[in-house]
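Data first, discussion second: the structure below is written as structure tokens.
The values are calculated or read from the model by the stated rules, or taken from the named source; none is laboratory data. Note that the structure is predicted; figures quoted are calculated from it, not measured. Positions of Cβ are backbone-derived with ideal geometry, glycine not excepted, and every protein chain shown enters the neighbour counts. Please note that ligands, DNA and RNA were not included when accessible areas were found on the heavy atoms of the full protein model with its side chains. Shrake-Rupley method; radii C 1.70, N 1.55, O 1.52, S 1.80 Å.
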Amino acid sequence: MRAPADQKLDDAVYKWYEQFRASGIAVRGVEIQAAAERLAKQLGVNGFTASAGWLFRFRKRHNIVNRKMCGESLSADASAVEPFKKKLHSIMKEEGLGLNQVYNADETGLCWRALPDNTQASKSIRNTPGRKISKERVSALLCANADGSHILKTVIVGKSKQPRAIKNIMSNLPVHYYHSKNAWFTANITSDWFHNYAVPEIRRHQMDKSDTEVKAIILLDNAPAHPDEKKLCSADGKIRCLFLPPNTTSLMQPMDQGVISTAKRLYRKRFLSEVFEVEESTDGEDRRAEKTLQNIKSYNFRSMIFNFAAAVKDIAPSTLANAWNKILCDNSVELESKGIELKDYHEALVRGGEKSVTVEEIEDWLDNDEGEPGYYKMNEDEIVDSVNDDRDYEYEDEDPDMELPKMKLSEVKEHLNSVINFIQRSDNKQISAYYCHMRHLREIVVKEMCEKPEKKIDRFFKPK
């Protein structure tokens, strides 16, 4: 099959097609042709005609089979649930798949620096011109197996190629990091993650944990960010994806049965503990709100990535396993909620001096990105922009003034001395375990001070 005459047009039409199919809407050939001619005009492709021959070649290039689809509703389709459950059980039986070999992956959006309304810090931020901290978002993907024994490394999608806060540790992150213009998942990102990360991680896990044949299926929903099933299959065919029926995500997709919401709650618990000051000042003046605001300004992209990765690791295996109850055995889903109930967040905020915030406001805050899917259905103008725009977005997801001020090495050494003295005086075994680590860090700082002495301006200039 020869290559398309215009690759950008071909990419744009296929993106348009994938979005409609992902929504469970049947797409006829005449509709593909009409969309192609509209997109050609917007892309400035002259003399293009979406002929029957062009449609035939387009379908062949992308392996599109003209199948009849039943149902075009976007509401939850309960009638498709039971047939899929039977299909899944049949596949597991025929292929000899255990619970540890059946996975589910799903995307979500995360407003990573948002605060509950009516807190002193949120009011201060709203009154600061140019700040949109509550709107800063990323997309995340979680993937785990049905017995809760394996959760894959989290995927985060931001806007910039190398955010300032992590540009020096891109190869040592606790997540797989991707970027796109609006921090949404795309088909290319999903495909790259599957082949380069998901397949090797699953293969490694199964080889380490058992002697059985390496094989697995990953359940995915019909999102626009997911390529065709046939493109999501390992080279040996042993690890592949299986799509859930359209519009059944809320009814049976495991990650949507409390796993993602648990991860977000655990993340926000870490976020509060990091930014909210607990102790009041010794002089009698309560400066907690002022310190909290400063902590939030210092809370950056790196903080978010490490806290979210740690939150995902904190998800109990029982929560991961119970999330499969609906799709595997028709039982209700029971989640581990200890430590992440409304009262826990309310108590944490009150300890931080936020006594006016209500439980209802906390609930709204916890659920403010609950419906964020992590992907976006583009209109035709946006599809054209996406195939025309080849730029990498370097730092657009961070405020320039959010960078932490540089510290002198002598100040760092002084702070480390204080920490080491604190550890020496502590009777807590967990704290004492870090004594050698802190001493080693101090040695590195001292060595750097000796190798790179701080130069004063009079080393370069002399007064007249």
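General remarks:
- Scanning the stretch 112-134 turns up no residue that is among the acidic types (D, E), modelled with pLDDT of 75 or more, assigned to a helix (DSSP H, G or I) and open to solvent by 50 Å² or more (accessible area, probe 1.4 Å).
- The condition of being assigned to a helix (DSSP H, G or I), closer than 30 Å to P83 by Cα, at pLDDT below 90 and in contact with a helix residue (DSSP H, G or I) (Cβ under 7 Å, 6 or more places away or on another chain) holds for S250.
Residue-by-condition table, conditions (1) at pLDDT below 95; (2) closer than 25 Å to V81 by Cβ; (3) out of contact with any helix residue (DSSP H, G or I) (no Cβ under 6 Å at 6 or more places or on another chain); (4) open to solvent by 70 Å² or more (accessible area, probe 1.4 Å):
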residue: V157; (1), (2), (3), (4): no, no, yes, no
residue: T186; (1), (2), (3), (4): yes, no, yes, no
residue: N196; (1), (2), (3), (4): no, no, yes, yes
residue: V199; (1), (2), (3), (4): no, no, yes, no
residue: I202; (1), (2), (3), (4): no, no, yes, no
residue: T212; (1), (2), (3), (4): yes, no, yes, yes
residue: I218; (1), (2), (3), (4): no, yes, yes, no
residue: D221; (1), (2), (3), (4): yes, yes, no, no
residue: C241; (1), (2), (3), (4): no, yes, no, no
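- For Y435, the stated conditions do not hold, so it cannot be described as within 30 Å of N182 (Cβ to Cβ) and either of a type outside the set (G, A, S) or at pLDDT 85 or above (or both).
- Any hit, the stretch 303-310, residues being at pLDDT 90 or above and open to solvent by 80 Å² or more (accessible area, probe 1.4 Å): yes
- Residue count, the stretch 102-111 (criterion: open to solvent by 10 Å² or more (accessible area, probe 1.4 Å) and either modelled with pLDDT under 85 or farther than 19 Å from E136 by Cα (or both)): 0
- Scanning the stretch 287-344 for residues that are basic (K, R) and more than 30 Å from S171 (Cα to Cα) yields R287, R288, K291, K326, K338, K343.
- Scanning the stretch 202-247 for residues that are over 29 Å from D11 (Cβ atoms) and either in contact with a His (Cβ under 6 Å, 6 or more places away or on another chain) or not in a loop (DSSP other than H, G, I, E, B) (or both) turns up I202, R203, R204, H205, Q206, M207, D208, K209, A216.
- Cβ-Cβ under 7 Å pairs, at least 6 apart or on other chains, the stretch 338-352 side free of Cβ contacts under 8 Å to residues at least 40 places away in the same chain and on the phi < 0 side of the Ramachandran plot, far side open to solvent by 40 Å² or more (accessible area, probe 1.4 Å) and β-branched (V, I, T): L342/V359; H346/V359
- Residue count for the stretch 322-358, restricted to those that are in a helix (DSSP H, G or I), open to solvent by 50 Å² or more (accessible area, probe 1.4 Å) and touching a helix residue (DSSP H, G or I) at 6+ places or on another chain (Cβ under 6 Å): 2.
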